[in-house]
Every structure is written in structure tokens, then in C-alpha cells.
Amino acid sequence: MTPQHERDIEVRCPLHGFVTVRDWEREIINHPAYQRLKRIRQLALTDQVYPGAMHTRFEHSLGVMHVASEMFDAITKNSKQFLINKIGFNDDALKRDRVLVRLTALLHDLGHSPFSHASEELFPKQGKVQLEHEDYSAEIIRRTLRDVINSHPDSDNYQIKADDVASLLDGKLTNRSLIWRDLVTGQLDADRIDYLLRDSLHAGVDYGRFDWRRLIRCLVFVQTNEGTGPRIGLMQGGLHAAEGLVLARYFMFTQVYFHKTREAFNCHLKGALKEILPDGKFPTLEGDGLEEYLKWDDWRVLGELAADHAGDHGRRIRDRDHYRMIYQTPEVPTPADKERFAAIRDKLGDLVMHDARSGKAWYKLSEDQDIPILSENPDARVLPLSEHSAAVKGLKQTDTMMLYCLRENKTEAEQIILNME
């Protein structure tokens with residue numbers, strides 16, 4: 001393999017310091033479909049609450065590539081003999097897959113819609129299949145970026161094509177390289193590590209911080225007890241760092257991602273997009289749909305809002321005249337809490353303009369997703385994180401429910417609730 005490194009550059013990153021970008025990656029980054037990520041905010045309208053949260057999917061994707069590389073290097077160091085003797089890798093194959101992982105991490109978010117997750121409810125169905133942003137990402141790689149990926153000399157040097165990258169991302173890869181998929185999509189992936197740290201940094205909060213460097217140093221391949229093949233796990237020394245990751249996700253969701261005011265703006269954003277988009281939905285992947293989809297970004301939506309083409313919801317975003325939260329349940333509501341919520345909603349009637357529900361599970365306890373931990377004991381048993389950690393096992397799904405009304409009706413609505421005591 002003779003990779004092309006003549007035009008490698010280093011990009012400054014407020015989180016990671018410097019991110020190295022190889023020549024092949026640089027050509028992909030310069031493609032218009034990738035430059036679009038500079039016009040897709042990572043946290044939608046969260047800047048209405050945390051003014052610094054103006055970062056985009058562009059810098060996050062560079063960060064994920066950087067973190068995925070560090071994860072790959074750590075796991076190949078810690079599990080070198082396993083990869084060679086059990087999986088059949090050699091040094092050239094590992095070098096090739098490192099490049100594949102970097103490209104997949106770099107391109108994992110290509111398919112995000114304007115304002116990221118806030119608008120995902122407006123993805124259409126294609127036939128009977130509900131499309132998600134991951135479907136758009138894979139198709140952009142296979143179709144829009146095919147030439148820029150396949151025509152570079154390193155495509156032949158490493159025997160990596162656009163289909164290989166897309167198939168690692170969507171799980172359709174049929175060869176041994178699929179074992180790396182957990183590095184870009186899983187409970188212990190580069191995406192999660194970067195977004196928690198980056199979102200925390202730009203929001204100006206500490207909730208998303210954890211010992212991610214320790215976590216990476218402890219990565220290892222393990223053979224789990226359920227016999228489903230090798231999985232990426234942790235040596236026992238990374239146990240508490242893994243707890244920190246799970247808890248950071250919980251804190252960031254409750255304090256940032258599901259903040260009451262952010263949720264109000266999410267509601268207005270979806271309402272505005274329904275006014276702007278043809279038939280209230282994003283284009284499908286059929287025909288010219290993908291090309292049309294790539295024309296949608298935050299700038300275009302904000303232009304429609306500024307031109308007063310987005311109805312009442314657009315005006316409320318523009319004037320910061322958002323719905324006000326008037327009632328919420330505890331994070332883990334009891335049946336009595338849920339009954340009271342329903343009663344209040346019925347009593348308020350038309351005063352209620354929006355209701356929201358978190359319904360968020362912080363950690364998947366299923367046998368095939370629970371992070372495996374390799375014991376330091378002589379028997380080297382592999383047990384799931386939830387069996388090692390009381391904190392993780394006891395972290396219940398949150399199901400906060402909130403009611404919203406117009407700003408001018410807030411006092412009236414609150415008085416009705418007080419009279420129900």
C-alpha cells in the first residue's frame with residue numbers, strides 16, 4: 001500500500017487540539033455534500049437556552065473520525081493477537097480497516113436534516129419503511145460521494161470503495177470488517193464520546209464530561225458468553241469510565257437535550273418546517289429525491305423564517321415568543337403522577353398548545369448490547385457492565401411529561417392547576 005500523504009493537513013479543534021486529515025479525506029470533505037454539514041447545527045435551537053451551542057455537524061464529524069482512530073489504535077494494541085489468531089487479520093488488513101473506520105466515522109452524519117434530530121419526525125416513508133437519517137447517510141455515500149471516494153488513488157491502494165464505507169455504516173457489510181461497526185454506532189462508540197464532550201463544551205456545562213481517555217485505553221475485543229462472536233468491550237480498569245459515559249448521557253439529556261425551553265423551540269421548528277416543506281415532509285430517496293434533500297439545510301430554513309413563509313411557528317421562533325411550560329411530572333412518574341398529568345391536561349383543554357414526553361432509556365440492558373467487561377481475575381470472565389455497576393443497572397428510563405401553553409395564558413393555566421389541589 002502506498003497511501004497519498006502529500007497533502008495531509010491538521011485542523012484545529014477546541015476539543016481535541018489538532019485533528020489530522022489525510023489527502024483522501026480532505027477531498028471528500030471539500031465535496032458540497034460534506035460542506036453542507038457546516039450548515040447543519042448539532043443542537044438545533046439549543047442556543048436559545050445555551051447561547052454557545054452554535055456548533056455544527058461538520059466539526060463533530062471531524063471529531064468522531066479522530067476519536068474513532070484513537071479507539072481503533074487502542075483496541076488493535078490491546079487485542080493484536082486475538083485479531084491475528086482468531087479473526088485472521090494481518091498488518092496490511094489492519095491498516096486497511098483503520099482507513100475504512102476513519103472514513104465511516106467521518107461520513108456517519110451526512111444524512112442529517114436541517115437542525116439535526118429536531119426535524120427527524122418529518123422524514124417520509126419509502127414504501128412501508130420509515131426513513132431515518134442513517135438511511136440518507138448511506139445513500140449519500142453510495143451515490144453522491146461515489147466518484148470522489150472511488151476515484152482517489154487510495155481507493156485502489158487500500159481496496160476501499162464507497163459501498164464498503166456505506167455498508168459498514170448501515171451494517172450490510174458481509175466480511176470480517178463488520179466487527180468494527182461498534183466503533184461508529186453502538187453504546188460505546190466514537191460518536192457518543194465526541195458529542196457528549198463537544199456539546200458540553202459549547203453549551204458551557206460540565207454534565208457531559210467523563211474520563212474518555214481512560215475509556216479508550218481499556219478497549220479490547222472479547223468473546224461474550226452468548227456466543228454471538230467477538231464484541232468490543234472493556235478491560236475491568238475501564239469500568240468506572242464506562243459508568244461516567246452512561247451517566248454523562250443521562251445528565252446531558254435531562255439538563256440540555258430535553259430542557260423545557262429547547263423542547264418548546266423543537267415544537268415550533270417542526271411546525272415551521274411543516275409549513276415550508278412540500279407536503280410537510282422531506283423528500284424520499286427515490287428518483288431525484290436525494291438531490292432535492294441535499295438542498296435543505298439550516299440556512300434555507302432560516303431564510304424561509306426570515307421571509308415569513310413559516311406561519312405562526314416561524315414567527316414564534318423569530319420573535320422568541322415560544323410556548324411556556326406550565327406543568328411537568330417527575331423524571332420517573334408513578335401511575336398516580338401519570339393520572340394527575342392526564343387530569344390536568346383534560347382540565348386545561350384548549351389552553352394546552354403542546355405536550356412533550358421524554359421516554360428515554362439511558363442504557364440498553366439486552367445481552368447483545370450491554371457493554372462486556374473483561375475481568376482481571378485469573379478466570380478472565382466476561383460479564384456485562386450492568387452486572388458490575390449498580391449505578392448503571394439502577395438507572396431507570398426517564399419518562400418526564402410536560403404541558404405547554406401560550407405565554408399570555410400562563411397565569412390562567414397555572415391558576416387552574418392550583419385550584420385542582
Less than 13 Å Cβ to Cβ from Gln328, Lys/Arg counted +1 and Asp/Glu -1: what total charge do the surrounding residues give? 0
For Cα pairs less than 8 Å apart in space and 6+ apart in sequence, what is the mean separation divided by the residue count of region 1-126, i.e. the relative contact order in percent? 26
Can you pull out the trypsin sites (Lys or Arg not before Pro) in region 1-104 whose DSSP state is coil and whose Cβ has at most 15 other Cβ atoms within 10 Å? Arg7
May I ask for the distance between the Cα centers of region 262-309 and region 366-421, given as a whole number of Å? 31
Springs between alpha-carbon atoms under 10 Å, Gaussian network over the chain: tell me which of Asp154, Asp170, Asp319 tops the mean-square fluctuations. Asp319
At 0.36 nm per residue, and after removing the present C-alpha to C-alpha distance, how many nm does the segment from Ser366 to Glu291 gain when stretched out fully? 23.2 nm
Using alpha-carbon positions, the gyration tensor of region 277-421 gives root eigenvalues a ≥ b ≥ c; with a/c under 1.5 called rounded, otherwise prolate if a/b exceeds b/c, else oblate, the class is oblate
Residues whose placed amide H lies under 5 Å from that of His354, excluding near-sequence neighbours: Tyr404
Expected vector for region 313-318, Karplus 3J(HN,Hα) from phi with 6.51, -1.76, 1.60 and θ = phi - 60°, integer Hz, x for Gly and Pro, equals 5, x, 4, 5, 5, 5
Normalised contact order of region 176-269, rounded percent, pairs of Cα under 8 Å and 6 or more residues apart: 24
How much mean residue ellipticity at 222 nm does the chain get from its helices, if each DSSP H run of length 4 or more adds -39500 (n - 2.57) and you divide by all residues, to the nearest 500 deg cm²/dmol? -12500 deg cm²/dmol
Can you give me the C-alpha center-to-center distance between region 97-142 and region 182-253, rounded to a whole angstrom? 22
When Val205, Val256 are ranked with the fewest other C-beta atoms within 10 Å first, the list becomes Val205, Val256
What GluC sites (Glu not before Pro) in region 54-155 are in a loop by DSSP, with at most 14 other Cβ atoms within 10 Å of the Cβ? Glu132
Which lysines, if any, have their Cα less than 17 Å from the Cα of Lys393, not counting same-chain residues under 8 positions apart? Lys360, Lys364
FRET efficiency for Lys86 and Ala391 from the Cβ-Cβ distance with R0 = 30 Å, rounded to 0.05, comes out at 0.40
In straight Cα distance, which aspartates and glutamates are under 16 Å from Lys338, not counting same-chain residues fewer than 8 positions off? Asp346, Asp355, Asp399, Glu421
By a straight-distance test (C-alpha under 26 Å), which lysines pair with Lys295 as possible cross-link partners, with residues fewer than eight away in the same chain excluded? Lys38, Lys125, Lys128, Lys161, Lys270, Lys274, Lys281
If Lys and Arg each add +1 and Asp and Glu each add -1, what is the summed charge of the other residues whose beta carbon sits under 15 Å from the beta carbon of Asn266? +4
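The numbers here are math on the coordinates, done by the rules we state, and not lab data. Remember, it's a predicted structure, so these values are computed and weren't measured experimentally. Heads up, the Cβs are rebuilt from the backbone with ideal geometry, glycines too, and the neighbour counts pull from every protein chain shown.
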